[in-house]
Amino acid sequence: MRLVQASSDIALVLNHEGTILDVLVHGDDAAAKRVRAWRGKAWVQTVAPDSRQKVEKMLRDAQAAVDANAGRWRQVNHPTEDGEELPLLYSAVRLGSGTAHQGRIVAFARDLRAMVALQRRLIDTQQAMERDYWRSREAETRYRHLLETSAEAVLIVDGSTQKVLEANPAARALCVSSRAKLVGSALPALFDPADSERLQDLLAAARSVGKKDAVRARLLDGSAEVAVSASVFRQEDTVLVMVRLTPVSQGALLAARPGVGRRTTPEPGQSWEHTLAAFVQNSPDGLVFCDNAGRVLSANRAFLTLAELSTEDQARGEALDRWLGRTGVELGVLISNLRQRGSVGRFVTALRGEYGTEIEVEISAAQLSPGTDTVLAFAIRDIERRIKPETDTGKAMTRSVHELAELVGRTPLKDIVSETTDLIEQLCIETALQMSNDNRASAALLLGLSRQSLYVKLRRFGLGSLGGDE
């Protein structure tokens, strides 16, 4: 009995009918007193209703056992007077015929209260992170919507390099005659060189005091004169400058600002059952139904949120690859596999929002109503916050960046580049084969190679099993 007590937190000694004959428990707190009060009761009567089938199953398994081997561990919850539950992990063992207590059953139990409390804290923390993430996403969506729909030309400029990081449609329309690429170019390069010193003074004053009154400057080639104002804000350790351009003349090119999206005439919807329609609209995953060519017929609210759309009319009639896919061929590969197999699961790709936000998503798809009226159904799940498992690529990166840097001066650059290039090429081919489910033609399309070139590289790296005709 001392051995049983030392090997578990709680131990119950039962007869063959499942009645508790003795209780061994550590401590003398309120929980231990409640457990000792189980003596003389049927084990099944001390547990919560949802755990009774587990107890009955453990008793049957223990009685049917022909040796003293431990049975399967099962979690059982015991109700308490304060409304909480006592979670225990049980394993029941029947004593063998060579003992003085032949036929009796010993149920070993481990106290799971600390683990359950830790799980609750983990869930609370995860939910708090989820709320913070969605607040951040909603703030970013509002910011991008405001930036895209503003009638005022706005530029976001890096305070240290003076390069333009973002430009809204009004700014692109205003600077269209400057023949300069907005994003990535230096802010003074957008204006007449005669106004360069004035702009430098404006940016320097804005960085020092946070905000500066507007100055006049003429865009490149003298296309238009604008009032330039600047204000500074910080994002982590980076200093950013918001530059606003206000045309001085009324003939500025503000009318060319594009709209957010085109509204199309809704096509007649299919006759969905009420319950199915409610599930589609309320599903937390994005659900999209397309025709055989990949054009959107219907989409639920979750997809509209991921794609940063305000109404379903903005998505209806548009090609799905407007939002899905890192390259222009991924959706074609997915639809091709879908037609061949009828369903595709866990296809990982990227989804681009209407305002430029890009997230990683996982797609499951099925082909519905095969025939003349084929409908392609896509379930899109946001996996951006999922803890990503370590990917087994078959060959890990042999050298880190620091190790490669240490090779400089000891190994010729040609050898370093050759080894790194071969490894990256092999990893890209393996990834393409995984994405296309080992479809060589689709993998070649994803990589932008011909099938013959792909076969040469597969043979070179020893990937896959090539037949004689390949």
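The values are calculated or read from the model by the stated rules, or taken from the named source; none is laboratory data. Here the structure is a predicted model, which is why all the values come from computation and not from measurement. Every residue, glycine among them, receives a Cβ derived from its backbone with ideal geometry; neighbour counts consider all protein chains shown.
Within segment 422-458, take every residue that is touching an Asp or Glu at 6+ places or on another chain (Cβ under 9 Å), aliphatic (A, V, I, L, M) and within 15 Å of residue 336 (Cβ to Cβ) and give me the one that is modelled with the highest pLDDT. Give the derivation first.
Of all residues in segment 422-458, those touching an Asp or Glu at 6+ places or on another chain (Cβ under 9 Å) come to 435, 440, 446, 451, 455, 457-458.
Adding the requirement that they be aliphatic (A, V, I, L, M) leaves 435, 446, 458.
Now drop any that are not within 15 Å of residue 336 (Cβ to Cβ), which leaves 435, 446.
Details: 435: 80, 446: 84.
Looking at the filtered set, the residue picked out is 446.
In this structure, does residue 227 turn out to be modelled with pLDDT of 85 or more and closer than 29 Å to residue 140 by Cβ? Yes: the conditions hold for residue 227.
On the given criteria, is residue 353 out of contact with any helix residue (DSSP H, G or I) (no Cβ under 6 Å at 6 or more places or on another chain), closer than 22 Å to residue 142 by Cβ and in the same structural domain as residue 294 (by TED's automatic domain parsing)? Taking the combined requirement at face value, the residue satisfies it. Among the conditions (1) on the phi < 0 side of the Ramachandran plot; (2) surrounded by 16 or more Cβ atoms within 10 Å (Cβ to Cβ), residue 18 misses just one, which is (1).
Please work out which one of (1) of a type in the set (A, V, I, L, M, F, W, C); (2) at pLDDT 80 or above; (3) touching an Asp or Glu at 6+ places or on another chain (Cβ under 7 Å) is the condition residue 338 fails and give its number. Here residue 338 meets the rest and fails (3). Any chance segment 282-292 includes a residue that's at pLDDT below 90 and in contact with a Cys (Cβ under 9 Å, 6 or more places away or on another chain)? Within segment 282-292 (the criterion being at pLDDT below 90 and in contact with a Cys (Cβ under 9 Å, 6 or more places away or on another chain)), the answer is no, since none of the residues qualifies. When segment 322-348 is filtered for residues that are in contact with a Leu (Cβ under 8 Å, 6 or more places away or on another chain) and surrounded by fewer than 19 Cβ atoms within 10 Å (Cβ to Cβ), the ones remaining, listed by number, are 327, 329, 332.
Close contacts from segment 314-325, counting a first residue that is in contact (Cβ under 8 Å) with a residue 12 or more places away in the chain and a second that is buried (at least 18 other Cβ atoms within 10 Å of the Cβ) and among the hydroxyl-bearing types (Ser, Thr, Tyr), with Cβ to Cβ under 9 Å and a gap of 6+ residues or different chains, come to 315/298; 316/298; 324/349; 325/349.
Pairs meeting the criteria (first residue in segment 416-431 and on the phi > 0 side of the Ramachandran plot, second residue surrounded by 14 or more Cβ atoms within 10 Å (Cβ to Cβ), beta carbons under 6 Å, at least 6 apart or on different chains) are lacking.
Starting from residues that are in contact with a strand residue (DSSP E or B) (Cβ under 7 Å, 6 or more places away or on another chain) and crowded, with 16+ Cβ neighbours inside 10 Å, keep the ones in segment 349-359 and report whichever is farthest from residue 315 (Cα to Cα).
In this case the residue turns out to be 349.
The single residue among 128, 151, 139, 107 that is more than 24 Å from residue 237 (Cβ to Cβ) and assigned to a helix (DSSP H, G or I) turns out to be 128. For residue 78, the stated conditions do not hold, so it cannot be described as under 18 Å from residue 18 (Cβ atoms) and at pLDDT below 85. Going by the conditions given, is residue 164 surrounded by 11 or more Cβ atoms within 10 Å (Cβ to Cβ) and either farther than 24 Å from residue 229 by Cβ or touching a residue at least 60 places away in the same chain (Cβ under 8 Å) (or both)? Criteria not met by residue 164. For residue 317, the stated conditions hold: it is touching a strand residue (DSSP E or B) at 6+ places or on another chain (Cβ under 7 Å) and either modelled with pLDDT of 80 or more or assigned by TED's automatic domain parsing to the domain that holds residue 440 (or both).
State whether one or more residues within segment 115-133 are surrounded by 12 or more Cβ atoms within 10 Å (Cβ to Cβ) and among the basic types (Lys, Arg). No, segment 115-133 contains no residue that is surrounded by 12 or more Cβ atoms within 10 Å (Cβ to Cβ) and among the basic types (Lys, Arg). Mind checking whether some residue in segment 210-219 is touching a residue at least 24 places away in the same chain (Cβ under 8 Å) and under 39 Å from the mean Cα position of the chain (by Cα)? There is no residue in segment 210-219 that is touching a residue at least 24 places away in the same chain (Cβ under 8 Å) and under 39 Å from the mean Cα position of the chain (by Cα).
Applying the criterion of being modelled with pLDDT of 80 or more and assigned to a loop (DSSP other than H, G, I, E, B) to the residues of segment 167-211, the residue that is surrounded by the most Cβ atoms within 10 Å (Cβ to Cβ) is 168. Annotation note: of 364, 369, the sole residue that is under 24 Å from residue 430 (Cα atoms) and either in the same structural domain as residue 278 (by TED's automatic domain parsing) or modelled with pLDDT of 80 or more (or both) is 364.
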